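See below for the structure under consideration.
The values are calculated or read from the model by the stated rules, or taken from the named source; none is laboratory data. Owing to the predicted nature of the structure, the values given are computational and were not obtained by experimental measurement. Every residue, glycine among them, receives a Cβ derived from its backbone with ideal geometry; neighbour counts consider all protein chains shown.
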Amino acid sequence: MHFIVYWSLVLSTICYAALAVWRLSIARRHPRALHLGLAFAGMAVWTASLLIGWPWLLAISEPLRDLGWLTYILWTTRTFEQDDDARRTIRIYCASLGVLVVVRAGLSLAIAQGDLSDTAAYTLTIVMLSAHWLFALGGLAFAHFLYRATGSSAASGFRLIVVALGVIWAYNLNLFTLMLLGYPLAVLLLQGTGLLVLALVPALALAARRKERWKVTLSRQATTRSLLFVAIGTYFVILSTATRALIWAGGHAADLAKLIVAVLLALTVLAIGLLPKLRARVKALFVKHLFEHRYDYRSEWLRFSATIADRTMPNLSAEERAIRSVADVTESLGGALLLAERGDRLALAGSWQWTTPDPFSHALPVDPQWLDDLAQSARILTLDEIRTTGGSMPEDTAVPDWLLREHKAWVVVPLARSGRLVGIIVLGRPRLDRDLDWEDFDLLRVIGQQVTVHLTDAQNQAELDEARRFEEFNRRFAFIIHDLKNVVSQLSLVSSNAAQHGANPKFQAAMAKTLENATGKMTTMLSRLSTDRQIAEPNLAEVDPADLLSRISRESYADGVVTLSIEQHCKILADQEQLSIAIEHLVTNAIEASPAGAPVTLSLTIWDGMVVIAVEDKGEGMTPDFIRKELFKPFASTKKNGFGIGAAEARSLVLAMGGDMEVISVKGSGSRFALKFPVLRSPEEERLQSE
């Protein structure tokens, strides 16, 4: 072993001396070769000192070797194309490592004098080894930074030199770690140093022949990883030094020292794993003081594209992906998407990781002017500021109370396109509650614009698909329309014959009435299925809903199928025919959804100035997600053979008459459809008018 160590050091000294002479000889023609030649000379002196074995010579040659490489890196990178952040980072690394070199040199010379007490010599040795360890760790992080930050498109030897230095510093990191921990394997690694540097001679010689023209940019990822190396390494060297100090001070208390170190390590891991708010605070401090900009915009854009395009989370709906793509910008823990309806209200379209399943469960009224202002300004709203100070703009006073009462709501991102507000995304609070700055606002605004384009394109595609399905629906039912025409003709003939030739006058009258009713229903159905049918505007007039419900219950359904409950008579403004169609749609759906023999309740009440016509069943019920996304879309039905037309058309008719529809359903317990109209005249007003 001694033979191998000896000749590896001899050959290393000869090779590095030759490299130094070669580079220094061409320094006049290639000025950059001077610094590399000096670095090679430092390597030759260091290997020679290892061969000779004089402590004072080693204490001088090792710092010269390291300062030679730091000088080479500093002066060589000055000729590269680099931004201010990269230049500043390189200087910080070189200055910090240079300080460690000077400290090591002083400690090594003090120990080499040999006139210290055993206690002082032991203490200085531990400190010197710790300085060596920190230099190796910092050098490895520096090499990682340079390798990641230096462009790889140009042909240059600088990156190869960085790799060689990284190998040396990684080797030294392991060497001094074992020395600090007192493992015998450190002796074997120390003897193998000559073989390591000898093996790197070909790589360094090849790198010296290449031109050195590079572009250096500060990579956020490289910087983060480099500092992570330093942080982890610093943590372990502190623990190692503390353990050594406790063992030295306590004598036989080595076991106690190990226990203390183990407890500290466990507590640190638990703090990192169980305190996400602490991690967020450290990250915010890190970003604020290390980088010029809060965000790495390229990474943010790639993350947004992957999220919104369904490449990273295929189990999320389009609405949930849209919410998450915005929430990830501020690291919000959840969010909700509200879409604008009729220009005066917002309705929940989806939520992601909100603490409640349906944070905004019904259509929510808003000031139309507020929606217009949001569409024009596209301003990001910070709700905490509006809650405490009332906001900084006049339109902030129009923020809906129901939004301010939801204290989990933190920020509102408007989704506007072509001067029209599509909706808003309400972001929940992040782990670290902080104030937003201009970078947050700009990035949220840009991401919001892209989300708007994505949502509107998806809506347009859905409308196109729906139109195609309607076309297919009309094509398939053209034959049914023909059959219905035949049935209507037959029933009309039966009705006329029965009215003229029935033997029993009472029977004839009843049969004629029944046939007329059936004929009228089928004619109405035929007109609704016809492809030439145009949807008529509602003919609004005074309607008594109590009389209408009584007639529907009496004439359209058998006894016992519908239970009628009328609180009082009143007047509303509606189209009687269209309102009758809407109610019959809902009652028919309720009957089909209910178990056999279970009655359907049809009720009329007045609540808070609104007439409420309710249809209730005891069927299987519907999920909130189905109500929100599918119920009022044609062809979506929970019934086995349902077409999904009735509820959609009923809602369309009611909205056209100025009413509203509210659905409450519990899975497994039934559903309640409520049609709401403003009271035109109450019973008291009718009585006063008649008097």
| Among the residues of the stretch 20-40, which ones are surrounded by 16 or more Cβ atoms within 10 Å (Cβ to Cβ) and more than 54 Å from the chain's Cα centre (by Cα)? | Ala20, Trp22, Leu24
| Matching option when the condition is without any contact (Cβ under 8 Å) to a residue 60 or more places away in the chain and closer than 26 Å to Tyr295 by Cβ, among Arg405, Arg417 | Arg417
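How many of the residues in the stretch 182-204 are in a helix (DSSP H, G or I) and either under 15 Å from Thr13 (Cβ atoms) or in contact with a helix residue (DSSP H, G or I) (Cβ under 6 Å, 6 or more places away or on another chain) (or both)?
Result for the stretch 182-204: 14.
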| request: Return only the number of the condition from (1) part of a helix (DSSP H, G or I); (2) in contact with a strand residue (DSSP E or B) (Cβ under 9 Å, 6 or more places away or on another chain); (3) not polar (S, T, N, Q) that Asp435 does not satisfy. | output: (1)
| Here are some residues: Ile60, Ile73, Ile111. Which one is in contact with a Cys (Cβ under 7 Å, 6 or more places away or on another chain) and touching a residue at least 40 places away in the same chain (Cβ under 8 Å)? | Ile73
| remark: Checking Ile126, Ile168 in turn, the sole residue that is assigned by TED's automatic domain parsing to the domain that holds Ser49, under 21 Å from Met43 (Cβ atoms) and modelled with pLDDT of 85 or more turns out to be Ile168
| query | In the stretch 345-392, how many are crowded, with 18+ Cβ neighbours inside 10 Å, acidic (Asp, Glu) and either under 19 Å from Trp410 (Cβ atoms) or at pLDDT 90 or above (or both)? | reply | 0
| task | Would you check if there is a residue in the stretch 46-54 being surrounded by fewer than 21 Cβ atoms within 10 Å (Cβ to Cβ), assigned by TED's automatic domain parsing to the domain that holds Phe158, modelled with pLDDT of 85 or more and out of contact with any helix residue (DSSP H, G or I) (no Cβ under 7 Å at 6 or more places or on another chain)? | result | yes
| said: Can you say whether Tyr147 is in the same structural domain as Leu64 (by TED's automatic domain parsing) and surrounded by 20 or more Cβ atoms within 10 Å (Cβ to Cβ), as far as the supplied structure shows? | reply: no
| Is one or more of the residues making up the stretch 395-405 at pLDDT below 90, surrounded by fewer than 13 Cβ atoms within 10 Å (Cβ to Cβ), out of contact with any helix residue (DSSP H, G or I) (no Cβ under 8 Å at 6 or more places or on another chain) and part of a loop (DSSP other than H, G, I, E, B)? | no
